[in-house]
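Working notes, beginning with the structure itself.
Each reported figure results from applying straightforward, stated rules to the coordinates on display, with no laboratory input. Everything numeric in this text was worked out from a predicted model, so none of it was measured. Here Cβ is always computed from backbone atoms with ideal geometry, including for glycine, and neighbour counts include all displayed protein chains.
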Amino acid sequence: MVKYTFKCQDVGMDCGFAIENAGSEEELLEMLKVHAKSSHGVTSIPPDLLNKIKQNIKKSGKYYFACSSVGMNCGFEIAGASSEQELLEELSIHAKMSHNLISIPQDTLNKIKQNIKVM
Ligand SMILES: [Zn+2]
Ligand SMILES: [Zn+2]
């Protein structure tokens, strides 16, 4: 199960507020609206700040990817990586050694990112 964590500090607010292990992004954002209103006097969060917040929400879960999800039938899978970053680093080794890709093209990378599962 994926847990969502956010700290005001990550978007440059020094109020010490943090939400840890919310069950969904929606749940986290609802709580954050209450906090923004009560502690920062912000009644509605502007879209640019909301984007910044979303980029800084940390997901904790186990990351999973299978080459078959992007149409490669090599049978390769990564299960249980602890971050997207870790998974992509491991995948780049596989791409290089098994698919002869020195670097993963941007459109393939986007497709890969869409197919990474978090559990
Ligand atoms: Zn705050
Ligand atoms: Zn592969």
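Please tell me if GLU90 is among the acidic types (Asp, Glu), away from ligand 2 (no atom under 16 Å from the Cβ) and surrounded by 12 or more Cβ atoms within 10 Å (Cβ to Cβ). Give the steps one after another, and end with the answer.
Working: among the acidic types (Asp, Glu): yes; away from ligand 2 (no atom under 16 Å from the Cβ): no; surrounded by 12 or more Cβ atoms within 10 Å (Cβ to Cβ): yes.
Considered against the rule, which asks whether it is among the acidic types (Asp, Glu), away from ligand 2 (no atom under 16 Å from the Cβ) and surrounded by 12 or more Cβ atoms within 10 Å (Cβ to Cβ), GLU90 comes out as no.
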I'm trying to understand the selection: among the residues of the stretch 44-81, which are part of a strand (DSSP E or B) and hydrophobic (A, V, I, L, M, F, W, C)? PHE65, ALA66, ILE78, ALA79, ALA81
Give me the pairs, please: first residue somewhere in the stretch 15-36 and over 21 Å from MET1 (Cα atoms), second residue anywhere and aliphatic (A, V, I, L, M) and assigned to a loop (DSSP other than H, G, I, E, B), beta-carbon distance under 7 Å, and either six or more positions apart or on two chains. LYS33/ILE45; ALA36/VAL42; ALA36/ILE45
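Here's the yes/no breakdown for (1) of a type in the set (A, V, I, L, M, F, W, C); (2) more than 24 Å from SER82 (Cβ to Cβ); (3) out of contact with any strand residue (DSSP E or B) (no Cβ under 8 Å at 6 or more places or on another chain):
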| site | (1), (2), (3) |
| --- | --- |
| TYR4 | no, no, no |
| GLY12 | no, yes, yes |
| SER24 | no, no, no |
| LEU32 | yes, yes, no |
| LYS37 | no, yes, yes |
| SER44 | no, yes, yes |
| ILE57 | yes, no, no |
Looking only at the stretch 35-67, and only at residues there that are exposed (fewer than 15 other Cβ atoms within 10 Å of the Cβ) and of a type in the set (Lys, Arg), the one that is farthest from ligand 2 (Cβ to nearest atom): LYS37
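So, of the residues in the stretch 8-34 that are in contact with a helix residue (DSSP H, G or I) (Cβ under 8 Å, 6 or more places away or on another chain) and among the acidic types (Asp, Glu), which turns out to be farthest from ligand 2 (Cβ to nearest atom)? Reasoning before the result, please.
Initial filter on the stretch 8-34 (in contact with a helix residue (DSSP H, G or I) (Cβ under 8 Å, 6 or more places away or on another chain)): 8, 10-11, 13-19, 22, 25, 29, 32.
Checking the rest, the ones that are also among the acidic types (Asp, Glu) come to 10, 14, 25.
Details: ASP10: 34, ASP14: 45, GLU25: 30 Å.
This residue is ASP14.
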Return the residue satisfying two criteria in turn: it lies in the stretch 98-119 and is surrounded by 13 or more Cβ atoms within 10 Å (Cβ to Cβ) and among the hydrophobic types (A, V, I, L, M, F, W, C), and of such residues it is farthest from PHE65 (Cα to Cα). LEU101
